[in-house]
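One structure below.
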Amino acid sequence: MTDIRIGIVGGGYMGKAHAVAFAAVGAVFDTALRPKLEMVCATSPDSAERYRQAYGFARATSNWRKLVDDPDVDAIVVATPQHTHRAIAEAAFALGKPVLCEKPLGASLADSHAMVAAAQAADAINMVGFNYIRTPASQFARQLITEGRIGQLTWFRGEMTEDFFADPTIGGWRGQGDANGCMGDLAPHMINAARALIGPITSLCASVETVHPERAGEAVTNDDQAQMMCRFENGMQGHMFFSRVATGRKMGYAYEIHGTKGHIRFDQEDQNAIHLYTTEGPESERGFRKILTGPAHPDYLPFCQGPGHGTGYQDQIIIEARDFLTAIHENRNIWPTFAEGLEVNRIVAAVMDSSRKQAWVNVADY
């Protein structure tokens, strides 16, 4: 086993999730590289020190450049707002350091292009934080599709719906700027899922709207929800809906996939189960089966030996940390890389443009 010293830029919601993940991943997966929480960066010296003590880092700073430049920091995790991602990643790559960056990759499509170019120029390990597709259930869904269990794929429906902004009296930074809108914040997760489960999206037609144009006396400058029809590279069609004002939905990362021999349904609010229908057997005995994840499913056993006991949100981040460490140890990039983040952001840009034009657009044009 070899130690690897981790620096995390950002100590809030996702900063804590990554700190916990890197503290636990060695024990969960018996990784060849064993992380040491070396340094955490936050916006002020007081908050940085508070996070250092709470999460177990050796050191703290309020200057992200100091963290990135420090020779005792071997790998960087970027868990800050989108508009900061590019500068931090480029600085790390200039030193040849591996980077795990939260989604969306950049605050703009131009940022994403630049970040991919920087990673390629440095030939550095890079990964973007799409964690939901890593649940044992969704990994199993990908496995079923690859094995042809539901036949030729014919239709995809996906949603990413939450209600944290359903109350129009809630204001603040989330109502400002495209990167903080529904398409910038929530939609990338389901777009990534669609690409992972079905494949590249070639064209789409979308409608984006701001449901509440004013919040707490301030004009809203971004979107609350959107929907799109799309066509995939394999020729099949699909539909996706994204919303941060979907009252009653807490973690509506959900999809259903139709095939000529079956159907798969999944909902992140019940993340330890997948619903499978197949056309096997007599018609009188056919129906959806609820399959509870267990040791027989991908990346479940390291967490628990009991079928149906379940994994949680934090476990997805631990799986992500395992993949990042494996990529560094084996010196090979593991999906999803920055290139996947760019492709997702390309689709986001196409959605916004399609809505403005009220027309179908080709994703390759962005």
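Some points to look at:
- Filter result (more than 14 Å from CYS41 (Cα to Cα) and either assigned to a strand (DSSP E or B) or in contact (Cβ under 8 Å) with a residue 60 or more places away in the chain (or both)) within region 68-83: ASP72, ASP74, GLN82, HIS83
- Some residue of region 67-78 being under 30 Å from ALA187 (Cα atoms) and among the acidic types (Asp, Glu): no
- As a summary of the residue check, ARG286 satisfies the conditions (1) closer than 13 Å to MET160 by Cβ; (2) of a type in the set (Lys, Arg); (3) without any contact (Cβ under 8 Å) to a residue 12 or more places away in the chain except for the one numbered (1).
- Test: residue in region 109-129 that is within 23 Å of HIS297 (Cβ to Cβ) and either assigned to a helix (DSSP H, G or I) or modelled with pLDDT of 95 or more (or both): yes
- Looking across region 165-185, the residues that are among the small types (Gly, Ala, Ser), closer than 18 Å to ALA349 by Cα and not in a helix (DSSP H, G or I) come down to GLY177, GLY181.
- Region 207-288 holds strands (runs of 3 or more DSSP E) entirely within its bounds, and those carrying 1 or more residues that are within 19 Å of the chain's Cα centre (by Cα) and among the acidic types (Asp, Glu) map to 252-259, 262-267.
- Here the condition is being in a loop (DSSP other than H, G, I, E, B) and not hydroxyl-bearing (Ser, Thr, Tyr); of HIS329, HIS309, it holds for HIS309 alone.
- Only one of the listed residues (ARG65, ARG50, ARG86) is within 30 Å of TYR366 (Cβ to Cβ), among the basic types (Lys, Arg), out of contact with any strand residue (DSSP E or B) (no Cβ under 6 Å at 6 or more places or on another chain) and part of a helix (DSSP H, G or I). That residue is ARG86.
The values are calculated or read from the model by the stated rules, or taken from the named source; none is laboratory data. Source: prediction; values computed, not measured. Don't worry about glycine lacking a Cβ; one is built from the backbone with ideal geometry, like all the others, and counts go over all protein chains shown.
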